[in-house]
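Each remark here refers to the structure printed beneath this line.
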Amino acid sequence: MPLDRGVIDQQLQDLGEGNRWWDQREMRDLPAVLSSDERILAIARGRIARVRILRRTWLIVVTDRRLVCLRSAGRGGWRQVDVPAKQITRVALRIGPMHGRVRVTARDRNIRLLVPRSDAYKLATALTGVGNITRPSPNLPGPVLMVRRVFDHVLALPAAALNPEAASTPALSRMAKEPATAPALPDPVTEQRIEWLESQVAELQQQIDFLERLLQERHEANASFDA
């Protein structure tokens, strides 16, 4: 059963979003997409996948069950991208001066969301809360846990430094309160640079995973030898 528009409006009010989303075309389709017992946790407007000039924006919604992206199509239809929450294993946040990139890893696919900076934090927080995020086991040896924590900490530094919730200057506070609008597209050279940096981060993640496995195997081998 579709979710009633009045229920959606109340959920948005509870999130502090007010009525600002109802002028979006995709909002007329959202009640038919969501289930009657589904709860909205975050909402934003932005671009998904590879960012290109003239590519249209999507309505991005995180619920207690999934990530859903909607884009209006002709003749009253819409395009839809769904990612069940239980399939989400990793959420990464990259923050720039005006916008943020939320990278969602779900099984065999990666989805990148380019949204206004303040909305990026909301999406990342909601996705991390509902996703089946892979976390290191507390039984792992100390060196493995240390490597993982250092790596995650380094990648999180830009996002933490620009977190609007911790804004300490009038400029940052004002930016955090700006209305949600689609972020400006970077020029092609900047976009290529961002793509290259993201590929380097992904490669570094693979190396860290390999190092974790190596340390784990060495720890198990030493434990067997001592026994």
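The values are calculated or read from the model by the stated rules, or taken from the named source; none is laboratory data. Owing to the predicted nature of the structure, the values given are computational and were not obtained by experimental measurement. Note: ideal-geometry Cβ built from the backbone for every residue, glycine included; neighbour counts use all protein chains shown.
Looking at 43, 53 in this structure, which one is β-branched (Val, Ile, Thr), within 23 Å of residue 100 (Cα to Cα) and modelled with pLDDT of 90 or more? Full working, then the answer.
Numbers: 53 fails: modelled with pLDDT of 90 or more.
Sole residue among the options that is β-branched (Val, Ile, Thr), within 23 Å of residue 100 (Cα to Cα) and modelled with pLDDT of 90 or more: 43.
Summed over the stretch 60-111, residues that are assigned to a strand (DSSP E or B) and under 13 Å from the mean Cα position of the chain (by Cα) total 27. Against the list (1) crowded, with 17+ Cβ neighbours inside 10 Å; (2) without any contact (Cβ under 8 Å) to a residue 12 or more places away in the chain, the condition residue 117 fails is (2). Checking every residue in the stretch 13-26 against the condition of being in contact with a helix residue (DSSP H, G or I) (Cβ under 7 Å, 6 or more places away or on another chain) and under 18 Å from residue 130 (Cβ atoms) gives zero matches.
Among the residues of this structure, residue 82 counts as one that is of a type in the set (Asp, Glu), under 26 Å from residue 132 (Cβ atoms) and either exposed (fewer than 14 other Cβ atoms within 10 Å of the Cβ) or in contact with a strand residue (DSSP E or B) (Cβ under 7 Å, 6 or more places away or on another chain) (or both).
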